[in-house]
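**Q** Supplied in structure tokens, the structure appears directly below.
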Amino acid sequence: MSYVFPPAPVASVPVTGSNDRFPVHRIYCVGRNYEEHAKEMGFTGREPPFFFMKPADALVVVNAGDTGQLPYPSLTANLHHEIELVVAIGKGGKNIQAADALSHIFGYAVGLDMTRRDLQNDMKKQGRPWCIGKGFDASAPIGPITPAAQAGDVAKADIWLQVNGTDKQRSTVAQLIWNIAETIEHLSAAWELQPGDLIYTGTPEGVGAVVRGDVLEGGVSGLGTLRLSVV
């Protein structure tokens with residue numbers, strides 16, 4: 001098969017303890033999935049989960065022990081950090097029941113859902129899609145994927161983010177409004193999940209702006225840390 005130009009390389013993420021890499025298909029994100037974050041964004045209650053997407057090439061892959069570089073994006077003066085647990089799907093399916101959902105997971109990683117908050121808010125006010133606020137280049141930093149069998153009790157893990165050494169976000173995965181299995185059930189009712197899909201499961205309270213020169217370091221217990229410098 002020939003192409004009119006060479007196709008882009010497949011986006012992929014390193015796997016802890018392996019030389020193999022995890023090829024990425026799609027990136028799904030869950031909105032407002034921690035109650036305290038929902039409140040800080042002006043919402044309350046356990047509303048049905050909703051989803052948005054980022055392109056696979058929005059990933060900024062940071063190897064274990066490295067400090068990645070996060071380019072400050074164009075068109076914004078209010079770039080926000082959102083630390084998240086990322087679920088990596090290893091077995092696809094549609095209409096997956098929550099009771100079966102964990103068998104579809106390959107592993108877990110630490111991720112950041114970077115957000116051009118000013119652009120997102122402008123689109124919300126106009127009733128327009130806010131892809132420009134969420135799906136921009138380099139908007140999805142991620143660390144290595146830890147296979148599920150090595151990840152420990154992720155459902156109760158601590159999740160945290162520091163900016164320049166100061167705590168900004170700190171919670172536990174147990175505080176998810178829709179837990180990992182329930183999220184997969186809802187998501188797979190709308191899309192047929194495929195091996196290689198990533199699910200950014202939502203962020204706790206404490207989101208805020210970063211500027212060039214800031215150093216972000218966050219983690220999820222059992223999954224290591226993700227460290228980036230904003231450039």
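The values are calculated or read from the model by the stated rules, or taken from the named source; none is laboratory data. Just so we're clear, the structure is a prediction, and the values are computed from it rather than from any experiment. Here the Cβ positions follow ideal geometry from the backbone for every residue, glycine too, while neighbour counts run over all protein chains shown. Heavy atoms of the whole protein, side chains included, go into the accessibility calculation; ligands, DNA and RNA do not. Shrake-Rupley method; radii C 1.70, N 1.55, O 1.52, S 1.80 Å.
**Q** Could you say which residue among I105, I96 is within 20 Å of the chain's Cα centre (by Cα), more than 30 Å from Y72 (Cα to Cα) and modelled with pLDDT of 95 or more?
**A** Within the list I105, I96, the selection yields I105.
**Q** One residue is enough: does the stretch 20-36 have a residue meeting the conditions modelled with pLDDT under 95, of a type in the set (D, E, K, R) and in a loop (DSSP other than H, G, I, E, B)?
**A** yes
**Q** Answer with yes or no whether G65 is among the small types (G, A, S), open to solvent by 50 Å² or more (accessible area, probe 1.4 Å) and either more than 23 Å from G224 (Cβ to Cβ) or more than 18 Å from the chain's Cα centre (by Cα) (or both).
**A** yes
**Q** What are the pairs with Cβ atoms under 7 angstrom where one residue, in the stretch 123-142, is open to solvent by less than 60 Å² (accessible area, probe 1.4 Å) and the other, located anywhere, is aromatic (F, W, Y)? Sequence gap at least six, or different chains.
**A** These pairs meet every condition: M123/W130; K134/F52.
**Q** Among the strands (runs of 3 or more DSSP E) lying completely within the stretch 54-117, list those that include at least 2 residues that are farther than 30 Å from A181 by Cβ.
**A** Filter on the stretch 54-117 gives 68-70.
**Q** Turning to a different aspect of this structure: In the stretch 175-188, how many residues are under 17 Å from R32 (Cβ atoms) and open to solvent by less than 60 Å² (accessible area, probe 1.4 Å)? Break it down into steps so the answer makes sense when it comes.
**A** Filtering the stretch 175-188 down to residues under 17 Å from R32 (Cβ atoms) leaves 175-180, 182-183, 186-187.
Now restrict to residues that are open to solvent by less than 60 Å² (accessible area, probe 1.4 Å): 176-178, 180, 182-183, 187.
Residues that pass the stated criteria total 7.
**Q** Still on this structure, I have one more. Which pairs do you get when a residue that is farther than 11 Å from P195 by Cα and open to solvent by 10 Å² or more (accessible area, probe 1.4 Å), found in the stretch 72-92, comes within reach of a residue that is acidic (D, E) and assigned to a strand (DSSP E or B), reach meaning Cβ atoms under 7 angstrom, with the pair 6+ apart or on two chains?
**A** Listed by first residue and then by second, the contacts come to nothing, as the list is empty.
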